[in-house]
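Novice: First the structure, then my questions, so here it is.
The values are calculated or read from the model by the stated rules, or taken from the named source; none is laboratory data. All values reported here derive from a predicted model rather than from experimental measurement. As a convention, Cβ positions derive from the backbone with ideal geometry for all residues, glycine included, and neighbour counts pool all protein chains shown. Note: accessible area is taken over every heavy atom of the protein model, side chains too, but ligands, DNA and RNA are not part of it. Shrake-Rupley method; radii C 1.70, N 1.55, O 1.52, S 1.80 Å.
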Amino acid sequence: MLEFNTSPAFRSALGHALKLSYPDLLRSAESVIARQTAMRRDFYERNRVRLYHGHAKFLDAHTLEVRSGQKTEPTILTADAFVIACGSHPFRPRDIDFNHPHLFDSDTLLSMSTTPRSILIYGAGVIGCEYASIFRNMGCKVDLVDTRAQLLSFLDDEIAHALSYHLRDQGVMIRHNEEYEAVEGLPDGVVMSFKSGKRIKADVLLWANGRTGNTANMGLEDLGVVPNSRGQIKVDENYRTALPHIYAVAT
Ligand SMILES: Cc1cc2nc3c(=O)[nH]c(=O)nc-3n(C[C@H](O)[C@H](O)[C@H](O)COP(=O)(O)OP(=O)(O)OC[C@H]3O[C@@H](n4cnc5c(N)ncnc54)[C@H](O)[C@@H]3O)c2cc1C
């Protein structure tokens, strides 16, 4: 869309800029997701991998129970070794009301049914930067708030600087070294106040400041595999947890 809208040839052929709404984008993503899900299901069937749907919990170091919403009796599975790959969910600080209709995290944003005119993105990691570019290209006013001094500091400086340059060139307002103090939900948007004294109002706030591992209620603590406060499990260089037959992958 950016290439189309910045090309004089395409724009003059159409007579105006190409506009896509956020729900249009989500509809397009749904068809990609459906294709990917079907493809993976085929891989499992072809390789005779059995799938059990439900919530898995360790009963002991070699036994899992899998409870599905529809079934009352859990399925019991035993194995010599396990890989925990339970993914993550957005980290939500207690002082922010995520029930407010203008406040989203990186999971709930996938059900936003409108295209905001302005969006404040708190957290300039991979997810925050990606959404800043997406929403700016849809014509939204974007404020991207970084709690650090440089975007994606795990990258080479040259790449991080190029990313900053291109986001700014697109019109994203990047604010570094800012930490929120309070979030106030209004009928028509959200105001975030910062420790620096700044206040920014936007139609929508996207909270993109970290994710927490889905390791709660898996019976791990009883095995001595204790996740930290962000739900992460400590592993060695071979991804083994405190129990050598239980592996965990980072997400
Ligand atoms: C907004 C966003 C954008 C991203 N963009 C990209 C990108 O462009 N490129 C990229 O490479 N990566 C991207 N990622 C990262 C990517 O999604 C993750 O790295 C990837 O999904 C991790 O795969 P996973 O299988 O480990 O975890 P997940 O995909 O999270 O899958 C974990 C699964 O385990 C299930 N589960 C959890 N607990 C239990 C339990 N107790 N019992 C049974 N099942 C359980 C969950 O329901 C889930 O289905 C993005 C992530 C986010 C949030």
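Novice: State which residue pairs qualify: first residue open to solvent by 20 Å² or more (accessible area, probe 1.4 Å) and inside segment 183-195, second residue assigned to a strand (DSSP E or B) in any location, beta carbons under 6 Å apart, and separation of 6 or more residues or different chains.
Specialist: As it stands, the answer is 183/192; 184/191; 193/181; 193/182; 193/199; 195/181, since those pairs meet every condition given.
Novice: Right, another one. Out of 117, 136, I need the residue that is touching a Cys at 6+ places or on another chain (Cβ under 7 Å) and either modelled with pLDDT under 95 or of a type in the set (Lys, Arg) (or both). Which one?
Specialist: Result of the check over 117, 136: 117.
Novice: Report the residue count in segment 60-82 for those that are within 23 Å of residue 238 (Cβ to Cβ), open to solvent by less than 40 Å² (accessible area, probe 1.4 Å) and out of contact with any strand residue (DSSP E or B) (no Cβ under 7 Å at 6 or more places or on another chain).
Specialist: Residues meeting the conditions: 2.
Novice: So which of 237, 221 ends up being within 13 Å of residue 58 (Cβ to Cβ), free of Cβ contacts under 8 Å to residues at least 12 places away in the same chain and open to solvent by 60 Å² or more (accessible area, probe 1.4 Å)?
Specialist: Every option except 221 fails the conditions.
Novice: When you go through 29, 38 one by one, which is the residue that is under 19 Å from the mean Cα position of the chain (by Cα) and part of a helix (DSSP H, G or I)?
Specialist: 29
Novice: Checking the conditions here, which among 144, 151, 167 is assigned to a strand (DSSP E or B), surrounded by 19 or more Cβ atoms within 10 Å (Cβ to Cβ) and within 20 Å of the chain's Cα centre (by Cα)?
Specialist: When all the criteria are applied, what remains is 144.
Novice: For segment 83-111, how many residues meet the condition of being open to solvent by 40 Å² or more (accessible area, probe 1.4 Å) and either outside any strand (DSSP E or B) or of a type in the set (Asp, Glu) (or both)?
Specialist: Counting residues in segment 83-111 that are open to solvent by 40 Å² or more (accessible area, probe 1.4 Å) and either outside any strand (DSSP E or B) or of a type in the set (Asp, Glu) (or both) gives 14.
Novice: Looking at this structure, is residue 134 assigned to a strand (DSSP E or B), within 13 Å of the ligand (Cβ to nearest atom) and not aromatic (Phe, Trp, Tyr)?
Specialist: No; evaluated as a whole, the condition is false for this residue.
Novice: Could you look through segment 196-214, keep only residues that are closer than 17 Å to residue 95 by Cβ and open to solvent by 30 Å² or more (accessible area, probe 1.4 Å), and pick out the one that is modelled with the highest pLDDT?
Specialist: Here the residue is 199.
Novice: On the given criteria, is residue 181 assigned to a loop (DSSP other than H, G, I, E, B) and more than 16 Å from the ligand (Cβ to nearest atom)?
Specialist: For residue 181, the condition - assigned to a loop (DSSP other than H, G, I, E, B) and more than 16 Å from the ligand (Cβ to nearest atom) - is not met.
Novice: Here is a follow-up. What is the number of the single condition among (1) without any contact (Cβ under 8 Å) to a residue 40 or more places away in the chain; (2) open to solvent by 70 Å² or more (accessible area, probe 1.4 Å) that residue 54 does not meet?
Specialist: For residue 54, the exception is condition (2).
Novice: Here is a further query. Answer yes or no: is there a residue in segment 225-239 that is at pLDDT 95 or above, in the same structural domain as residue 123 (by TED's automatic domain parsing) and part of a loop (DSSP other than H, G, I, E, B).
Specialist: There is no residue in segment 225-239 that is at pLDDT 95 or above, in the same structural domain as residue 123 (by TED's automatic domain parsing) and part of a loop (DSSP other than H, G, I, E, B).
Novice: Residues being over 13 Å from the mean Cα position of the chain (by Cα) and open to solvent by 40 Å² or more (accessible area, probe 1.4 Å): count how many of those fall in segment 112-136.
Specialist: 6
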